[in-house]
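To start, the structure under review is shown below, and the notes come after it.
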Amino acid sequence: MIRLNALALLLACSATALFAGEKGLGYQDTPMLPDGKWHVHDGERPQPKVITPPTASTNEAPGKPPSDAIVLFDGTNTDKWQNQNWPVENGAMIESKGNQVSKEEFGDCHLHIEWSAPTPAQGTGQGRGNSGVFVMGKYEIQVLDSYDSKTYPDGQAAAIYGQYPPLVNATKPPGEWNVYDIIWTAPRFKDGKLDTPAYVTMFHNGVLVHNHTAVMGAGTHRQLAKYTPHPEKGPLALQDHGNKTRFRNIWIRPINNYDE
Ligand code: MG
């Protein structure tokens, strides 16, 4: 009997050791992960912050941003923007005189932005609903009416302008709303030179169009893109290309490191 009790005690101690850690959530006797900070299944590792997820947009109405997003445009005003020439009508900000530039600056981020090309469609190729999303104010993801309208592939909607066409053309007809979700890793510079390029992963209307693609640099028309060292953060800019593309539901989430 005594021996059985001893065995039970031993088992109880083992169980305690196995489930040690804050609130008994995990393990402290497991191997350390390569970062040297946490054990495998470490219960003391910070819990990810709880947020309210976004709701999906419909053609009739934008969805709601996730609760921790920085909302740059919610359909009511351009307070978060530098250019007050872009009018707000029916919940949308309309491409107008001069590029639109955010007041706040960002580095690594998840950018969500919705746009709708003018209807009825006017013009052809690059003259048809042309705008652009300049991440960090420099790197253009093309906005263009590419629904049943051709142009050079690295200049169509969702292209990394002058570099890569989207993997597929997921553009909706003019008048309907397109959704871009852009996951952006900013370039890193060291000693005045490029250390690591920018990377972009992107969904257009929920469809993958770029998969951790290394950006060649800041592109311009008819020129090879190149990098020029710049600060860690830059504004979001939207292009004035002389068309009347509409934008709505613009939000951004800076990307934190794990455990932050
Ligand atoms: Mg453009």
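The values are calculated or read from the model by the stated rules, or taken from the named source; none is laboratory data. All figures in this text were calculated on a predicted structure; none of them were measured in a lab. As a convention, Cβ positions derive from the backbone with ideal geometry for all residues, glycine included, and neighbour counts pool all protein chains shown. When the accessible area is computed, the model is the full protein with side chains, heavy atoms only, and any ligands, DNA or RNA have been set aside. Shrake-Rupley method; radii C 1.70, N 1.55, O 1.52, S 1.80 Å.
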Problem set entry | Built amide H within the under 5 Å cut-off of SER96, gap 5+ | none
For this session: List, in order, the whole-Hz ³J(HN,Hα) value for each residue of region 92-104 obtained from phi through the Karplus relation with A = 6.51, B = -1.76, C = 1.60 and θ = phi - 60°; use x for Gly and Pro.
Result: 10, 9, 10, 3, 8, 5, x, 4, 9, 10, 6, 6, 8
Exercise. Taking amide H positions as placed 1.01 Å from N in the peptide plane, with prolines and chain starts having none, which residues 5 or more places from ARG188, or on another chain, fall under 5 Å of its amide H?
Worked result: ASP195, THR196
Exercise. Which distance in nm do the two modelled labels at ASN211 and VAL40 give, with both placed 7 Å along the Cα-to-Cβ direction?
Worked result: 2.9 nm
Problem set entry | Rounded FRET efficiency, nearest 0.05, which uses the C-beta distance separating TYR258 from SER57 and R0 of 30 Å | 0.55
Exercise. Solvent-accessible area per residue for the chain at a 1.4 Å probe radius, Å²?
Worked result: 56 Å²
Problem set entry | Computed helical MRE - 222 nm, the chain, DSSP H runs ≥ 4 contributing -39500 (n - 2.57), nearest 500 | -2000 deg cm²/dmol
Problem set entry | P(r) weight above 26 Å for region 107-225, C-alpha pairs, percent | 17 percent
Exercise. Any idea how far the Cα center of region 168-221 sits from the one of region 30-77, in Å?
Worked result: 20 Å
Seminar exercise, completed: Cα extents of the chain along the principal axes, largest first, in whole Å, come to 91, 46, 34
Exercise. Tell me, what ³J(HN,Hα) does each residue in region 58-67 have, in order and in whole Hz, if you take phi through Karplus 6.51 cos²θ - 1.76 cosθ + 1.60 with θ = phi - 60° and put x for Gly and Pro?
Worked result: 10, 5, 7, 8, x, x, 9, x, x, 5
Problem set entry | Kirkwood Rh in Å, taken over region 217-260 so that all alpha-carbon pairs contribute | 14.5 Å
For this session: List the extent of the Cα atoms of region 69-158 along each of their three principal axes, largest first, rounded to whole Å.
Result: 35, 30, 22
For this session: For each pair in LYS103/LYS172; LYS150/LYS172; LYS193/LYS233; LYS103/LYS226; LYS103/LYS233; LYS103/LYS193, compute the distance between the two Cα atoms and list the pairs where it is over 21 Å.
Result: LYS103/LYS172; LYS103/LYS226; LYS103/LYS193
For this session: Determine the share of the chain's accessible area contributed by carbon and sulfur atoms, expressed in whole percent, with a 1.4 angstrom probe.
Result: 55 percent
